[in-house]
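Report on the following structure.
The values are calculated or read from the model by the stated rules, or taken from the named source; none is laboratory data. Not measured: the values here are computed from a predicted model. When we count neighbours, we look across all protein chains shown, and the Cβ atoms used for this are built from the backbone with ideal geometry, even at glycine.
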Amino acid sequence: MPERIQRKRTKWWRMPPNTVSVTRPGRYGNPYTVKQAREAGYKGSDTEIAQMCVDMFRQEMPEFAKAAYRQELRGKNLACFCALDQPCHADVLLEIANAEAAE
């Protein structure tokens with residue numbers, strides 16, 4: 001089963017095979033950031049606001065993007081800089097990419 005990989009900036013770290021980067025900036029990056037949410041006046045812990053950003057990413061994704069992402073990312077690991085124990089849009093992409101096409 002594909003999984004989320006935490007990208008690292010340490011020397012010699014390489015992405016595992018069959019892994020796609022979903023970081024910002026880029027096609028798969030989450031446009032909603034904790035920094036922007038704080039600047040807009042949202043209150044809460046970083047984890048709560050990160051979860052809100054992930055929820056917005058899920059809610060605002062158009063259907064055509066879901067279909068494209070499902071085709072492009074199915075069966076691949078997804079790499080992001082988010083800590084593995086924190087909310088991350090890569091989890092949303094994993095759900096979409098590996099969902100049944102009939103959904």
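Summary of computed values
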{"item": "Subset of the range 1-28 (residues that are in contact (Cβ under 8 Å) with a residue 40 or more places away in the chain, closer than 15 Å to Val92 by Cβ and not aromatic (Phe, Trp, Tyr))", "result": "Pro2, Glu3, Arg4, Val20, Val22, Thr23"}
{"item": "Given (1) out of contact with any helix residue (DSSP H, G or I) (no Cβ under 9 Å at 6 or more places or on another chain); (2) farther than 19 Å from Pro2 by Cβ, index of the condition Met52 fails", "result": "(1)"}
{"item": "Counted residues, the range 1-50 - those being of a type outside the set (A, V, I, L, M), closer than 17 Å to Arg74 by Cβ and modelled with pLDDT under 95", "result": "2"}
{"item": "Test: residue in the range 65-73 that is under 15 Å from the mean Cα position of the chain (by Cα) and on the phi > 0 side of the Ramachandran plot", "result": "no"}
